[in-house]
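As structure tokens, the structure follows; a few thoughts come after it.
The values are calculated or read from the model by the stated rules, or taken from the named source; none is laboratory data. All values reported here derive from a predicted model rather than from experimental measurement. Methodologically, a virtual Cβ is constructed for each residue, glycine included, from the backbone with ideal geometry; neighbour enumeration extends over all protein chains shown.
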Amino acid sequence: MKLKLLFPLVLLFAVRLSAQQDCHIYDLTAKVVEFDDSTCQFYVKLNFFHSGNSDFYTVSGNGTGYGTYTYAQVPLILGPFQAGNAPLTFEFAVRDSVYQDCFDVAGLAVAPCGGPSCAINNLQAEVAGDCNPATGTYPLVLNFTAVNPGNGFFNVGTTSQFIGTFPLSQLPLTIPNFPASGNNFDVLKVCINDHPDCCAVTEFMAPPCGEEPCEITAIQVEPGDCNGDSTYHLWINFQVVNPPSTQFSLWGNGAFIGNYNLSQLPLHIPNFNWDGQGPNDFIKICMAGSNTGGTSCCKFREFAIPDCLLNDEPCHIYDVNAIRTACLCGQFFVAVTFNYENAGSGGFDIVGSGINFGNFPYSTPQPVLLGPLQGNGNTYYEFVVRDHQNPACRDYAEMGIVECETPVSDPSTGHTMVISPNPATDWVSVVVISDQHSISGEATAAVYQSDGRLVREVTIPDMSNFRLQVSNLASGVYRLSVTGASGRYDGSFTRQ
């Protein structure tokens, strides 16, 4: 198929490229909030400034994706996270969903649970000048906050090279000759002297250092026939000046498509996904850097979708509703319903509050039951339903903070209820034990559904040890409450 240059799209490309250049995410900070000494759990508050961005951003770090959010959700609370017996180091990256080079990174050190320990918080690195090609170095200004350092000195380096030891009193510190790695992004590592476990690492954009700039030119994009599922054929060709390698990466409408070799040009994409948002789609091309993990140059190109898609109605998800059940042992379930039109063939995702609840086909019976979730009085719950193929096709419902009533039979009081087998099919055996007094005598056993409705109530001769028939109960989670002269004891079981 012969390619042709779409000259009318040059202006659209210039507008999109300008938006890419104007997007800024900066001054990202990460702070520990709501640290619970009893559970060693905590939440992290992310705050940052932004401009020239798209509608959404993603949060990731330490090999984990924490979800997609709107810029109205700044500052953002993530969690809960679990503290351990040793210091923990986290890194959070906030990245624009469309403009992948628009991001910022913040490090966070968390002390061990149970007592104060050394930590480095809010490590920041700022390039203070151009790179010197003769030495392969450039000036860098670093700053951070030290918690319980134990001494007045810290070590500076990269992940593979030691630079020097400096006093904390010199912060903010200028390193006049920070070594360039040759990548687009360099890494700074800081450790408190004589505390190898008290460290923080941050990644930042490095200045160019003596190499001829790479440039992608003569981009040609030609759409082809539709496939009948909101995808179509697409042919791509371009030229590269001073390519750092023979490899390039391709994105379509913000979603990664794949890695390819320049020898594959012109490239045919047989199932390019329409974003469902209008008459134009866009691609992003990035050349792979000369070093692992680097990228040297990128270009965006916006183009008109094929006519065979213009008569299709866009995807629409609306009227998302989330209703929670009554609490059961500090937990609850959420029933999600919604309406949709012209959805994609990849089903829908439900995400929210830093949780990915999964991907579901649109044929899934509604309501969709999620949980169990913790009613800890700290987590702010929201539920976003989005089309898997077209993430911009979405709607959401907010539930807010849920606080469940503390159960009567808390194991910390010395009361224990053992229910077995669990899950059960026909019968469950129940044993109630107390470290404070003997348990015996007649009692009432009540079984409740997860929404709080009473489904059975029986009198038992000895509350300390009895059997209960469950074969006539529907499959699900139930709460068992036993009340007698010595008090009330709660537990839960699952009927298969």
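The residue that is farthest from the chain's Cα centre (by Cα), among those in the stretch 45-84 that are over 15 Å from Asp96 (Cβ atoms) and hydrophobic (A, V, I, L, M, F, W, C), is Ala83.
One residue is enough: does the stretch 132-147 have a residue meeting the conditions small (Gly, Ala, Ser), touching a residue at least 12 places away in the same chain (Cβ under 8 Å), in a loop (DSSP other than H, G, I, E, B) and touching a helix residue (DSSP H, G or I) at 6+ places or on another chain (Cβ under 7 Å)? Among the residues of the stretch 132-147, not one is small (Gly, Ala, Ser), touching a residue at least 12 places away in the same chain (Cβ under 8 Å), in a loop (DSSP other than H, G, I, E, B) and touching a helix residue (DSSP H, G or I) at 6+ places or on another chain (Cβ under 7 Å), which makes the answer no. Kindly check whether there is at least one residue in the stretch 54-74 that is in a loop (DSSP other than H, G, I, E, B), at pLDDT below 90 and either in the same structural domain as Ser353 (by TED's automatic domain parsing) or surrounded by fewer than 16 Cβ atoms within 10 Å (Cβ to Cβ) (or both). Yes, that holds for at least one residue. Among the residues of this structure, Ala218 does not count as one that is assigned to a strand (DSSP E or B), in contact (Cβ under 8 Å) with a residue 12 or more places away in the chain and assigned by TED's automatic domain parsing to the domain that holds Phe90.
The lone criterion from (1) within 23 Å of the chain's Cα centre (by Cα); (2) in contact (Cβ under 8 Å) with a residue 12 or more places away in the chain left unmet by Gly358 is number (2).
Pull up the stretch 180-238, narrow it to residues that are surrounded by 15 or more Cβ atoms within 10 Å (Cβ to Cβ) and among the small types (Gly, Ala, Ser), then point me to the one that is farthest from the chain's Cα centre (by Cα). Within the stretch 180-238, the match that is farthest from the chain's Cα centre (by Cα) is Gly224.
Looking at Gly354, is it on the phi > 0 side of the Ramachandran plot, surrounded by 17 or more Cβ atoms within 10 Å (Cβ to Cβ), not assigned by TED's automatic domain parsing to the domain that holds Thr68 and not β-branched (Val, Ile, Thr)? Considered against the rule, which asks whether it is on the phi > 0 side of the Ramachandran plot, surrounded by 17 or more Cβ atoms within 10 Å (Cβ to Cβ), not assigned by TED's automatic domain parsing to the domain that holds Thr68 and not β-branched (Val, Ile, Thr), Gly354 comes out as yes. Please enumerate the residues belonging to the stretch 170-187 that are more than 14 Å from Glu126 (Cβ to Cβ) and assigned to a loop (DSSP other than H, G, I, E, B). Hits for the stretch 170-187 are Ala180, Ser181, Gly182, Asn183, Asn184. Restricting attention to the stretch 294-331, the residues being modelled with pLDDT of 80 or more, over 24 Å from the mean Cα position of the chain (by Cα) and among the aliphatic types (A, V, I, L, M) number 2. With respect to (1) buried (at least 18 other Cβ atoms within 10 Å of the Cβ); (2) not basic (Lys, Arg); (3) not assigned by TED's automatic domain parsing to the domain that holds Asp55, the lone exception for Gln247 is condition (1). Annotation: Gly346 fulfils all but one of (1) under 24 Å from the mean Cα position of the chain (by Cα); (2) modelled with pLDDT of 90 or more; the unmet one is (2).
Can you name the residue in the stretch 153-169 that is outside any strand (DSSP E or B) and surrounded by 13 or more Cβ atoms within 10 Å (Cβ to Cβ) and, of all such residues, is modelled with the highest pLDDT? I'd like the intermediate steps shown before the answer.
Looking only at the stretch 153-169, we keep the residues that are outside any strand (DSSP E or B), and these are 158-161, 168-169.
Checking the rest, the ones that are also surrounded by 13 or more Cβ atoms within 10 Å (Cβ to Cβ) come to 158, 168.
Values: Thr158: 88, Leu168: 94.
If we take residues in the stretch 153-169 being outside any strand (DSSP E or B) and surrounded by 13 or more Cβ atoms within 10 Å (Cβ to Cβ), then Leu168 is modelled with the highest pLDDT.
Tell me whether the stretch 120-141 contains one or more residues that are in contact with a Cys (Cβ under 8 Å, 6 or more places away or on another chain), under 30 Å from Asn253 (Cα atoms) and surrounded by fewer than 18 Cβ atoms within 10 Å (Cβ to Cβ). Scanning the stretch 120-141, I find no residue that is in contact with a Cys (Cβ under 8 Å, 6 or more places away or on another chain), under 30 Å from Asn253 (Cα atoms) and surrounded by fewer than 18 Cβ atoms within 10 Å (Cβ to Cβ), so the answer is no.
When only residues in the stretch 25-53 that are of a type in the set (Val, Ile, Thr) and either part of a strand (DSSP E or B) or assigned by TED's automatic domain parsing to the domain that holds Gly358 (or both) count, which is surrounded by the fewest Cβ atoms within 10 Å (Cβ to Cβ)? Give the steps one after another, and end with the answer.
Filtering the stretch 25-53 down to residues of a type in the set (Val, Ile, Thr) leaves 25, 29, 32-33, 39, 44.
Applying the additional criterion that residues be either part of a strand (DSSP E or B) or assigned by TED's automatic domain parsing to the domain that holds Gly358 (or both) yields 25, 29, 32-33, 44.
On the way: Ile25: 22, Thr29: 16, Val32: 19, Val33: 13, Val44: 24.
Result: Val33.
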